[in-house]
Structure formats: structure tokens, C-alpha cells
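The values are calculated or read from the model by the stated rules, or taken from the named source; none is laboratory data. All figures in this text were calculated on a predicted structure; none of them were measured in a lab. Neighbour counts run over all protein chains shown; Cβ positions are idealised from the backbone, glycine included. For the accessible areas, the whole protein counts, side chains as well, though only heavy atoms, and no ligand, DNA or RNA atoms are used. Shrake-Rupley method; radii C 1.70, N 1.55, O 1.52, S 1.80 Å.
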Amino acid sequence: MAYCGPGAASHGRSTHRERGWMKSVCIAYGLGCPRAAVDSARLSEYVRANRWPVANRIEEADVILVTLCGYNADQEERSIHLLDSADRRRKPGSKLVVVGCLAGIAADRLRASYDADLVPPVDGADLDGILGATVPLDAIADPNEIEPYIRSAESYLDDTDRHPGDGRVKSVMRRALVDSGARELLRRRQWKRELIHLVRRERVFSIRVAEGCAGQCTFCAIRFAAGPLRSKPLEAVLSEFDAGLAGGYKHFRLIAGDLGCYGQDIGTTVAELLHLMMQRTGDFELTLLDFNLKWFIAYSDSLLDVLSRNRARLRSLTLPMQSGSDRVLQRMRRGHTARDAQTALRALRQACPQVDLNTQVLVGFPGETEDDFEDTLKVLRAVRFDWVQFYDYQDRPGTEASDMPGKVARDVIRARSLRARRETGLRRAALEYRLTRTPEDRLAARRVKRLSETAGTAGDRGPRTG
Ligand code: SF4
């Protein structure tokens, strides 16, 4: 499995290769996405293959590998809170290893504050040297049923370790809201399927088809940590798929940094992959995550052909649109226009009316005006996605967007974000979003409200630095 990525120069402070110094390992899962979850699950198999004993608690471990995320500044703060806790709880002389994107996105900050080895996804093979592995990470296949690994890895860090400033009460309220998700689902078209999934705890067979990404989005720091696109060979993906079908799985989830660019580095495409998967017999459904719209537009003819002929097998598709404004899409370097996106999404709705169509929107990108934001709302109203994940724009280290002029004030971003959630009918998400307000945000929100009441407008037309 040569595609698993080269070992770059180690980021760690100390690289012990002596055998026998390590008594037990703890794989703790702090924060991350489906890709990070696959990486964490694979680390558990790596520990098993190297016959390293597993510690029951952080306090007992000789090595603590903690998965942390840093896709935006708020997430970085949550991760740092978790890392502080793990660092406080670990025993003297133990080794702390930060894995996951945070290790690549916030490396300077981590090096300045922690005695830890930093191993971002692109440098995963560095763990072999750091831990003195006899079975290299590159020899470890991706597990396919991820949830059990994550449930156990999450148990090393409990609620008191999580959500800085939220405190126990808020995290309990948040959990109640999350658990009440059923109410939201019941209101939506997909409730029947989701309810089955919730009740049956449906087994999901996850297949990571590629690591890294071919994209150059100006706001994204994930690509620095994940590295360039490394697609899994077609035969390897199909043999995992066949193993899942033989194992009686009905629901398959395809995972990648950007599913849309799958295969571009190995002479194939995501359309060919889906075509070959759909040639398999049997009753199964696919969930396709993180599919950059640019590639859906580029391959739309072949994709719409294979998806429409197999529409019953397509359960869910996430196509992040990020913005509905051509000006903003260009500054984001997303590689497509809002009109192209709408045309492709409309065709998809016609070809696969039953699919759960989800997207992600980045609110408050530098230079975003009220008109740009209106353009985004127009696309959301027109396409009527089944689910929209909104993110507030926040600078990330080393990204071009972080040096761009026209930064939008936080209170304006929050006001737009709240409005977007309300306008797309995501009442629970709007309520949850309000719960994440800091005292400063509350103050600022009151100021915006007062300003708009005195000015009689819903916020100004231009970006406001500050
Ligand atoms: S598609 Fe863009 S946002 Fe997504 S991981 Fe790649 S560079 Fe980042």
C-alpha cells in the first residue's frame, strides 16, 4: 500500500528507537472528522499489530496519541483545551504525541507550549521511528467499521475535558439538543431512513478512498496537514467494497479529503469508481462525503448517468458549496461559478430526487459583502438542501485568505450565520449556535441590533474591518 504517504523529517523533540521502553499506549480521540476517525481507528490496529499493551487510562499510559482538529480557530481552542487536560493527566516521563490535522495546522503553537511529538496525517509514517515500531504504519489497512474504535478512543477524554468555557451544564444541554436531533429528523423528508439508522444503530462500512487533497482553496489549512492527493488504487477500494458486501453490510460511506478528485493521481476518476461499484449486485446504499462541487460539475455527465441509473443506491451526498457569490468563490479559489453549481445541483435533484443532499457554507469570507451573502441565500433557497452545515470564517495559519483585506467583523459574521440557519429552517442549529455565543458576542449582537434599529437597515453593504 505504497500510497500511504512518505515519512517526512520528524516534527518530534525526541525520537526513541530503543525497544522495550514502552509499556502501554493510549489512543485518545479528541476532535476530528470522518478522515481523522479512520486514522484513529487505524492507529488502534497499528498498536495491536506491534503488540503494544493498551492503557486503560491516560494516567497509566507510557505513550498518549491524541487526535485533534484545527479546521477553524474555535475548533483549535477546543482541541487545545483537550490537550491541556491530557497533558495535565499524563504521568511523568510519558510521551505525548499529537496526531490529526492540528499537528500540522498549529505546529508552532504546539511546539511552543507542549513537550510533544507532532505527527500530522501527511507524516503518519514518522510514528514508526518515534515509537520504534516493528510493523510499519504503512502496512496497516484502514479499518472499515469505525464507530467501535472511536467510541473506545473517545472514552479516554470525558465531558469535563471538553468544550472550554462551556462547562458541564452547557455540554449537558448541548448533548440534550444533539440527542433530541430525532425531533429535527422527524421534521425532515429523510426521517424514515434516519430513524431506522438511529434505532437500529445501523452498521456502516466506511471506505477511505484517498488521503490528502488536490485542492488549493485559499481558506483551507487542512491541506497543509493532509498533504497532496494520494488515491487508494481502484482494485483496493473495490476489494474493500466486496468484502463489505460479503460481510452483509448495506450502508457504505466513502471518505476522502475531497471525494471528487479521487483517482486524478492514478489515472482514474470518481465517476469510474462509482460506475464499477454500481456494477456489483445486491441491495446496498452509498453515502458520499465531502465532494467538491468543482469536480461534480466537471464529471457531471458521467456522474449523473451512473447515479440516475442507480438512484435507489444513493442515500446521501455532501457537496460543499461554501458560497453562492461568484466573486467570493473566485477569492476562495473553488474553481466554479454559482450558476454552474446551481445547474449541476438542479440536474442532480431531477436525476436523484430521493437523495439526501447536504452542503457546507462558509460565512464571512474576507471581502464578503451583504450582497454576496444574499447571493448565497438565493442558492440555498433555490436548491433547498436537506442539510446545511454553516461555518464562520476564521483565519487559519499560513492560508492566503488570512492575509486578505476586507475582514468581516465577528458580530456581522455571527448575525449572518444566525440568519442563514433560520432562513434554511435549521431552527435547532440556530438555537445551538446561539448557545455558542461568548459574552463578547452577546454584547456585540446587542450593539448590531441597536445600530440596525437606529439605521433602520439589517447590517451594512460593505465588509467592515475590525
Ligand atoms: S477541497 Fe479545498 S477545502 Fe477541501 S480539503 Fe481540499 S483544499 Fe481544503
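Here the label points at T268 and S152, each 7 Å from Cα along the C-beta direction, are separated by 3.1 nm in the simple model.
Taking 7 Å steps out from each Cα toward its Cβ at A246 and Q354 produces label points 2.8 nm apart.
Within straight-line reach of K95, meaning a Cα separation under 12 Å, sit the following aspartates and glutamates at least 8 residues removed in sequence or on another chain: E59, E60, D62, D87, D115, D117.
Among the trypsin sites (Lys or Arg not before Pro) found in segment 255-327, those both in a DSSP coil and sparsely packed, with 14 or fewer other Cβ atoms within 10 Å of their Cβ, are R280.
For R280, no residue has an amide H sitting under 5 Å from its own, ignoring neighbours fewer than 5 places away on the same chain, with H placed 1.01 Å from N.
Restricting the calculation to alpha carbons of segment 8-142 gives Rg and Dmax of 13.5, 39 angstrom.
First compute the accessible area of segment 192-435 with a 1.4 Å probe, then give the percent of it belonging to carbon and sulfur atoms. Present the calculation step by step, with values, prior to reporting the outcome.
Details: 5010 of 9450 Å².
The nonpolar share, carbon plus sulfur, comes to 53 percent.
Once backbone amide H atoms are built at 1.01 Å from N, D356 has S316, L317 as its partners under 5 Å, excluding neighbours fewer than 5 places away on the same chain.
Using the Karplus relation 6.51 cos²θ - 1.76 cosθ + 1.60 with θ = phi - 60°, the per-residue 3J(HN,Hα) values for segment 365-382 come to 4, x, x, 5, 9, 4, 5, 4, 5, 4, 4, 5, 5, 4, 5, 4, 5, 6 Hz, with x marking Gly and Pro.
For V363, the residues whose modelled amide H falls within less than 5 Å of its own, excluding neighbours fewer than 5 places apart on the same chain, are Y391, D392, Y393. Among beta bridges from DSSP that stay inside segment 192-435, the antiparallel ones total about 10%. For segment 120-128, the Karplus equation 6.51 cos²θ - 1.76 cosθ + 1.60, evaluated at θ = phi - 60°, returns couplings of x, x, 5, 10, x, 5, 4, 4, 4 Hz by residue, with Gly and Pro reported as x.
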